[in-house]
Amino acid sequence: MKLPARVTICEVGTRDGFQIEPDFIPTEQKIEVVNLLSEAGIPRIEVTSFVHPKVVPQLRDAEQVMARIARRPGTRYAALVPNDKGAVRAVDAGVDAIHTVVSASESHNLANVNMTIAESMEKLRAVMQVAERARVPVSSGISTSFGCPFEGDVPLAQLESVVRRLTDMGARAVGLADTTGMANPRQVARTLEHLVPKFPGIEWTLHTHDTRAMAIPNILAAMEYGVANLDCSIGGLGGCPFAPGASGNVCSEDLVHCLAAMGIETGIDLDRLIAVLPGQIVKAGKSTRRYPVPDTVVGRVPAARA
Ligand code: COA
Ligand code: ZN
């Protein structure tokens, strides 16, 4: 396999996860989770979103969370915004980076942000201007890149056109999001094989949901095409409130464990990450963990073959 030596992880659980929890998570708890994540050495955290508080009431405390987290040097604290109003709020709150959102399919974009793709593009152009004035980097995410829960297949040409419109307005970092876990590894490979050479110099991110247990295979496929920025979510939380069937992102501790086992550097302290919230790895322990040999087996193991 041709895999990068190092990847940059972006933890999105505090946004993608907390936005869909049925109960409002108290601000103090959100702050504590962000702090534990940065103490574990996570280089990028999508802390919250600056969206309409009536649309996503779970994240209505975005300003308070941003104001009170401990800012660890080495962690980039970002927030998701859908429009310039969100960008102004995010910049005023002191974010280090802005993550934007538009869908590759019209019906999901309307359901999610109440705009056509063309209307979103105008708002995102204004976001770019706000970010540029504040010297805050922007990463442009594209929801439903690999399929839409309303429309089904999203033609590659349609995805390419959304990428083109974003790069034409200055996007240098582009995220492809599999909002409802519809992608498969061959499709991810085909998509990147098509897009990567067409957009030289773009920093690509893959944002996966593990709805159908294909997130890590999809990530492997993307890494083979040089994608070295990966979104994931602590405890596998996550889901879009405006995409039926959406469930959690790829679980951060499972992904970081998988990368570490393959010798791919993330700079993250896995033990501290595992301690933040329970995920799959919590149950089994790391693959380097050794259990005592059962009494019935002691003394009966043949010597290892040379
Ligand atoms: N933050 C706070 N308020 C906002 C806002 C933002 N980012 N964007 C718009 N508003 C306010 C406007 O100021 C206006 O307020 P007013 O009625 O007091 O004048 C009101 O919302 C309506 O503005 P409009 O531009 O017509 O927004 P809308 O009602 O069409 O909603 C979005 C558009 C994008 C704000 C809304 O759909 C949204 O927040 N979506 C986010 C969805 C999401 O987070 N999905 C999950 C993550 S992918
Ligand atoms: Zn998501």
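Any read-out appearing in this document is the output of simple, stated calculations on the displayed coordinates, not a laboratory observation. All values reported here derive from a predicted model rather than from experimental measurement. With ideal geometry, Cβ positions are generated from the backbone for all residues, glycine too; neighbour counts draw on all protein chains shown.
What to note about this one:
- Bridges between two residues of the chain, per DSSP, are antiparallel at a rate of about 5%.
- Calculated diffusion of segment 26-104, Stokes-Einstein form, Kirkwood radius summed over Cα pairs, 37 °C and 0.692 mPa s, µm²/s: 260 µm²/s
- Across all directions, the average projected area of the convex hull around the alpha carbons of segment 64-124 is 4.7 nm².
- FRET E, pair Val55, Ala134, Förster distance 30 Å, beta-carbon r, rounded to 0.05: 0.80
- Cβ-Cβ distance of Ala126 and Val293, R₀ of 51 Å, FRET efficiency by 1/(1 + (r/R0)^6): the value works out to about 0.20.
- Partners for Lys198 among lysines (Cα-Cα distance below 24 Å; same-chain residues under 8 apart left out): Lys2
- Structure-based [θ]222 nm, the chain - -39500 (n - 2.57) summed over DSSP H runs of at least 4, per residue, nearest 500: -11000 deg cm²/dmol
- Taking the Cα centre of segment 8-284 as origin and assigning +1 to Lys and Arg Cβ atoms and -1 to Asp and Glu Cβ atoms, the resulting dipole is close to 500 debye.
- Normalised alpha carbon radius of gyration of the chain [divisor 2.2 N^0.38 Å]: 1.02
- Mean-position separation - Cα centroids, segment 167-214 and segment 57-88, in angstrom: 24 Å
- Packing-based exposure ordering (other Cβ within 10 Å, fewest first) of Ser161, Ser233, Ser287, Ser252: Ser287, Ser161, Ser233, Ser252
- Per-residue Cβ neighbour rank within 10 angstrom, fewest leading, Thr266, Thr8, Thr100: Thr8, Thr266, Thr100
- The region of the chain that goes longest without hitting one of the trypsin sites (Lys or Arg not before Pro) in a DSSP loop, each with at most 16 other Cβ atoms within 10 Å, is 213-285.
- Likely footprinting exposure, Tyr77, Tyr291, fewest C-beta neighbours within 10 Å first: Tyr291, Tyr77
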